[in-house]
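So the structure is just underneath, and the comments pick up after that.
The values are calculated or read from the model by the stated rules, or taken from the named source; none is laboratory data. These numbers come from a predicted model, not from an experiment. Note: ideal-geometry Cβ built from the backbone for every residue, glycine included; neighbour counts use all protein chains shown.
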Amino acid sequence: NAGVMQNPRHLVRRRGQEARLRCSPMKGHSHVYWYRQLPEEGLKFMVYLQKENIIDESGMPKERFSAEFPKEGPSILRIQQVVRGDSAAYFCASSPGGKYGYTFGSGTRLTVV
Amino acid sequence: KQEVTQIPAALSVPEGENLVLNCSFTDSAIYNLQWFRQDPGKGLTSLLLIQSSQREQTSGRLNASLDKSSGRSTLYIAASQPGDSATYLCAVQTGANNLFFGTGTRLTVIP
């Protein structure tokens with residue numbers, strides 16, 4: 001079991017470009033969560049998805065950010081027209097649902113130059 | 001809203017010492033509590049998961065306890081080693097989509 005796989009590990013984008021972050025959950029996990037960690041800060045919830053459905057996006061900025069978890073393939077967090085303030089580590093977690101805890105990936109570190 | 005607090009924010013101990021990290025939460029209606037470790041620039045590694053019906057969990061030199069009624073958990077690390085240096089995060093799950101993190105304790109073990 002390869003765990004939660006995130007790619008790329010590091011991503012550099014110029015201001016105004018688009019960033020696409022990918023997350024493949026653990027085998028058997030149908031719940032995916034995205035968190036953001038700003039430098040020297042804690043993890044902040046962004047969005048919770050199940051296959052083909054966004055369940056809760058209350059932590060995600062209304063503009064420029066979107067997430068999906070298609071029937072086939074990884075979950076994608078998409079940031080359009082990136083700005084310097086988007087520079088952060090983005091972590092994906094998955095769970096089988098219920099009370100079994102979360103497993104986190106190694107994160108994608110986004111740097112906007 | 002659930003609030004999770006970790007004390008101390010930073011801790012420095014000599015190698016070999018036993019130590020305790022503390023976590024408190026305001027709402028006792030939790031599914032479970034997890035302790036994670038985060039190394040600088042790295043992801044989160046799950047150390048221990050305690051279900052709400054359990055009192056403690058052990059893994060190697062780590063022991064985590066949970067007192068749900070008082071809203072407290074402790075992570076005990078025995079015979080600390082320099083490799084234990086990291087930030088330790090406590091998180092409580094209160095629903096399918098509700099995982100609340102503490103602010104972490106940054107541990108340094110001095111050789």
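For beta carbons closer than 9 Å, sequence separation of 6+ or different chains, a first residue in the range B:1-19 that is farther than 18 Å from B:Asn63 by Cβ and a second that is at pLDDT below 95 and hydroxyl-bearing (Ser, Thr, Tyr), the qualifying pairs are B:Gln2/B:Thr94; B:Val4/B:Thr103; B:Thr5/B:Thr103; B:Ala9/B:Thr103.
In the range A:99-113, the residues that are facing chain B (nearest Cβ under 7 Å) reach residues that are of a type in the set (Lys, Arg) and not in a strand (DSSP E or B) with C-beta atoms within less than 8 angstrom, at least six apart or across chains, in these pairs: A:Ser106/A:Arg9; A:Ser106/B:Lys42; A:Gly107/A:Arg9; A:Gly107/B:Lys42.
Which of the residues spanning the range B:92-111 are within 22 Å of B:Glu3 (Cα to Cα) and out of contact with any Cys (no Cβ under 9 Å at 6 or more places or on another chain)?
B:Gln93, B:Thr94, B:Gly95, B:Ala96, B:Asn97, B:Asn98, B:Leu99, B:Phe100, B:Thr103, B:Arg106, B:Leu107
Of all residues in the range A:55-81, those satisfying the criterion of being in contact (Cβ under 8 Å) with a residue 40 or more places away in the chain and polar (S, T, N, Q) are A:Ser75, A:Gln80, A:Gln81. Among the candidates B:Ser12, B:Ser53, which residue alone is of a type in the set (Gly, Ala, Ser) and either assigned to a loop (DSSP other than H, G, I, E, B) or touching a helix residue (DSSP H, G or I) at 6+ places or on another chain (Cβ under 8 Å) (or both)? One residue alone meets the criteria, B:Ser53. Evaluation of B:Ala91 against the conditions (1) within 14 Å of chain A (Cβ to nearest Cβ); (2) over 30 Å from A:Ile54 (Cα atoms); (3) small (Gly, Ala, Ser); (4) in contact (Cβ under 8 Å) with a residue 60 or more places away in the chain shows that the sole unmet condition is (2). Among the residues making up the range A:62-113, those that are within 10 Å of the chain's Cα centre (by Cα) and assigned to a loop (DSSP other than H, G, I, E, B) are A:Gly105, A:Gly107.
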